[in-house]
1. Quick one: accessible surface of residue 214, probe radius 1.4 Å, all protein chains present, in square angstrom to the nearest 10.
2. Keeping all protein chains in place, calculate the accessible area per residue for region 242-374 (probe 1.4 angstrom), answer in Å².
3. Keeping every protein chain in place, order 321, 40 by accessible area at 1.4 Å, biggest value first, i.e. largest first.
4. With a 10 Å radius around each residue's Cβ, average the other Cβ atoms per peptide and rank 263-271, 108-116, 190-198, highest first.
5. Report, by chain and number, residues whose modeled amide H sits under 5 Å from the one on residue 158, excluding near sequence neighbours (fewer than 5 apart, same chain).
6. For the residue pair residue 241 and residue 180, what label-to-label distance in nm results when each label sits 7 Å from Cα along the Cα-to-beta-carbon direction?
7. How many angstrom separate the Cα center of region 1-72 from the Cα center of region 75-150?
8. Suppose we take every Cα in the chain and form the convex hull; what volume per residue is that in Å³?
Amino acid sequence: MGNGIRIGRIFGVQIALHPSWFVIALIVTYTMAAGELPATFPGWDAALYWAIGAIISLLFFASVLAHELSHALVARRFGLRVRDITLFIFGGAASLEGDPKRPRDEALIAAAGPVTSLVIGAILWGIDVAVSQQQVVAIVGWLGFINISLGLFNLIPGFPMDGGRILRALLWKVRGDHYAATRTAAAVGRFFGYLLIGAGVFVIFQGMSLFSGVWLALIGWFLSNAAESAVAQMSIEHSLRGIKVRDVMEADPPSISPNETVADLVNERLIRGGHRSFLVRHSDGGLTGIVTLSDVRRMPRERWETARVTDIMTRYAELATIGPDAGLEVGLKLLQEREVNQLPVVTEEGRTVAGLLTRAGILRLIEARMRLGV
C-alpha cells in the first residue's frame with residue numbers, strides 16, 4: 001500500500017499507519033460519541049460518550065490489525081516473507097514478497113483474515129450477553145458488530161478482497177491457470193465495486209444518509225480500481241514471461257568508489273551525466289552498495305565536501321539484488337515490492353556484478369512491445 005508511519009513490530013512484522021487511517025479513526029470516534037452511543041445509551045455525560053467512542057476507535061484499530069496479522073502469520077507458515085502491514089482508510093494490507101505457490105496456500109492465507117474477524121466478533125458478542133455493565137456492553141457490543149461486519153465484508157467474492165482471493169484460488173485449482181483465474185476474480189471484483197457505487201448513489205438520492213452513501217460509493221470506487229489495477233499488473237507480468245533479466249539490464253552500469261566525496265559525485269557525475277544511480281564498487285570490482293540521487297538529497301549540502309559515498313549509500317546487506325537468468329516479471333515485481341528504481345544484477349557466486357536492472361529499462365521494453373503489438 002505505499003509508505004506509512006512506522007509504529008513498531010509485532011511477531012517480527014513491521015506495522016505502519018497510513019495518514020488516511022487517522023481519518024477513519026476520527027470518523028469512528030465521532031460516529032460513536034455523537035450518534036450511536038447517545039441513541040443506544042441515553043443519559044451519560046458527554047465526556048463519557050467521547051471516551052467510550054475513543055476506546056472503540058482504538059480497539060477497532062486492534063481488530064483490523066489482528067485481521068491483517070492473521071494473513072501475515074499464515075503466509076509466513078507457507079514460506080512467504082511478510083515485509084510490512086499498512087493500515088489505511090479502507091482497512092489494511094499485508095505486503096508479501098512473492099506469491100503463494102499453490103491454490104490451497106492462497107485460499108488459506110486469504111481465509112485467515114475473515115475467520116479471525118468472525119471469531120473475535122463471536123467472542124465479543126458472547127461477552128456482551130454475559131455482562132450487564134453499560135460501558136462494557138457498549139464497547140464489546142459495537143466491537144463485535146464491527147468485527148463480524150469486517151469478516152463478512154471481506155468475504156465478498158471479488159478480487160482483491162479476501163473472498164476474491166479465495167475465488168481466484170478455487171478457479172486456479174479448477175482451471176490450472178493463475179492468470180485466467182485472476183482475470184475472472186477481478187471481473188467479479190469490478191462488478192461488486194460498481195454495485196457498491198450504485199448503492200451509494202441510491203442511498204444519497206433517497207435522502208437516507210449522505211455520509212453512508214458517499215462512503216459506500218468510495219469503497220466501491222476503491223474496489224473497482226484495485227481490481228482493474230491488479231489485472232493490469234498481472235497482464236504486464238504475463239507479457240514479460242520468457243524474457244530474462246540479462247536481456248534488458250544495463251550490461252556496463254556506471255560505478256563509483258566508496259571513498260569518493262559526495263561533492264565529486266554531484267559535480268562530476270550527477271550534474272554532468274545522465275545517470276541518477278551508481279553502483280558502489282571496491283577496487284577489485286566487488287559490489288559494496290548503491291548510491292542514488294535520493295541518497296544525496298538526504299545529505300545536508302554543507303557536508304558534501306567532507307562526506308564520502310560510503311556515508312550515504314545503501315549497503316550491500318540492505319540491497320535487493322537479482323540474478324541475470326531470473327525472469328523479467330520477477331524483477332519487475334521485486335522493484336515494486338521494494339519501491340526502488342533499480343536492482344543490481346549479480347551472479348550466483350556472490351558480489352560479482354553482471355549489470356543493473358532499472359524500472360526505466362523495463363518500461364521502455366513494455367512501450368516498444370505495445371507499439372509493435374507483440
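1. So the heavy atoms of residue 214 present about 60 Å² to solvent.
2. Working: 7420 Å² over 133 residues.
Per residue, region 242-374 has an accessible area of 56 Å².
3. Details: 321 50, 40 75 Å².
Per-residue accessible area, sorted high to low, gives 40, 321.
4. On the way: 263-271: 15.7, 108-116: 22.8, 190-198: 18.0.
Most protected by this proxy first, the peptides run 108-116, 190-198, 263-271.
5. Answer set, sorted by chain and number: 163, 164.
6. 1.2
7. 14
8. Working: hull volume 71.4 nm³, N = 374.
Taking the convex hull of the Cα positions in the chain, it is 191 Å³ per residue.
The values are calculated or read from the model by the stated rules, or taken from the named source; none is laboratory data. Since this is a predicted model, take the numbers as computed values, not measurements. Cβ: placed from backbone, ideal geometry, glycine included. Neighbour counts: every protein chain shown. Note: areas computed on protein heavy atoms with side chains; ligands, DNA, RNA excluded. Shrake-Rupley method; radii C 1.70, N 1.55, O 1.52, S 1.80 Å.
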